[in-house]
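All of the numbers you see were taken from the coordinates with simple rules; none came from a lab. Note that the coordinates shown come from a computational prediction; the quantities given were computed from them, not determined experimentally. Every residue, glycine as well, gets a Cβ built from its backbone with ideal geometry; the counts of neighbours run over all protein chains shown.
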Amino acid sequence: MRWEHDARRDALVLRAIVARAGQIQNIRDADLARIVLQQNRATRVVTFRHVARWGRIEATVLCRASTASPEEIRFYLLVLAREADRLELLLTGADAPLPGTSRG
């Protein structure tokens, strides 16, 4: 996950890579667009998009930086992680472990 502060919009931008190009290369563009659209309709907090430059799917959350409490930011991080994992599983059939951790 990455984050940045967009001072122009007074926004904290949280991002997670859902799937890299190599993981989704066998999915037709039309199917990928349909899946991303369906996921965007299913959540009000997270926005998914296909980043053509890198060929990956990315999840994004925006929150107002000037008023966000630590609890609110934690909530957004948890929702971002959960929804990104859900779409990753749908697209790839796998849920990649976090760097530095192991499953099992």
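Some observations on this one:
- Size of electric dipole in the chain: Cβ of Lys, Arg +1 and of Asp, Glu -1, about Cα centre, debye, nearest 20: 200 debye
- Length released on extending from ALA65 to ASP95, taking residue separation times 0.36 nm less the Cα-Cα span: 7.8 nm
- Axis of helix 29-42 versus longest Cα principal axis of the chain: the two differ by about 40°, to the nearest ten degrees.
- From phi via Karplus (6.51, -1.76, 1.60), per-residue ³J(HN,Hα) for region 19-24 in Hz, x at Gly/Pro: 8, 8, 3, x, 7, 10
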